[in-house]
Amino acid sequence: MKHEEITTDEVAKPVGPFSAAVRTEPFIFVSGRVAQDPATGALIDGDVAAQTEQALRNIDAVLKAGGKTLDDVVRVGVYLTDMADFTAVNGAYEKMFSAPYPARTTIGVAALPLGAAVEIDVIAC
């Protein structure tokens, strides 16, 4: 099976040895994204809702580089450092996705890169 790396200058470069996304037809697998400012690579200021929206904007930019949008997302993984933020994440999530919503899993974790409160990965088709 052929894999194609998807990159874009519209998001900060990955902070490790991995691709922003990989296409394996008909899917695009987007690596976990945190709320990095695309210009500086630093984590944005703001609460978990703001971080969720920025992470999803970053994901959307990667998807667009691969010819897709958030409307093409079929699966989302959300990683939270505090499960008490679940409701705030849902509010931000609803602003970025429309029904029918993608399948989703939310997992509580001990820590995330750059001290982020939320990290999100997606699969689009």
Review point. Pick from A117, A110: which is among the small types (G, A, S) and in contact with a Leu (Cβ under 8 Å, 6 or more places away or on another chain)?
Key: A117
Revision key, fill the gap. Taking first residues from region 1-12 that are farther than 13 Å from P26 by Cβ and second residues anywhere that are assigned to a loop (DSSP other than H, G, I, E, B) and among the charged types (D, E, K, R), the pairs with Cβ under 8 Å that are 6 or more apart or on different chains are A12/D37
Exercise for review: Report yes if some residue within region 22-29 is touching a strand residue (DSSP E or B) at 6+ places or on another chain (Cβ under 8 Å), closer than 21 Å to P100 by Cβ and β-branched (V, I, T); otherwise report no.
Suggested key: yes
Review point. Taking the condition under 17 Å from V15 (Cα atoms) and acidic (D, E), does D37 pass?
Key: yes
Study note, to complete from the structure: Within region 58-86, residues being closer than 15 Å to I28 by Cα and aliphatic (A, V, I, L, M) number 9
Practice item. Return yes when A55 is over 19 Å from F86 (Cα atoms) and out of contact with any helix residue (DSSP H, G or I) (no Cβ under 8 Å at 6 or more places or on another chain) and no when it is not. Key: no
Check your understanding: Is it the case that G16 is small (G, A, S) and either modelled with pLDDT under 95 or on the phi > 0 side of the Ramachandran plot (or both)?
Key -> yes
Check your understanding: How do the strands (runs of 3 or more DSSP E) wholly within region 29-125 filter down when requiring 2 or more residues that are of a type in the set (A, V, I, L, M), crowded, with 17+ Cβ neighbours inside 10 Å and in contact (Cβ under 8 Å) with a residue 60 or more places away in the chain: which remain?
Key -> 118-124
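The values are calculated or read from the model by the stated rules, or taken from the named source; none is laboratory data. These numbers come from a predicted model, not from an experiment. When we count neighbours, we look across all protein chains shown, and the Cβ atoms used for this are built from the backbone with ideal geometry, even at glycine.
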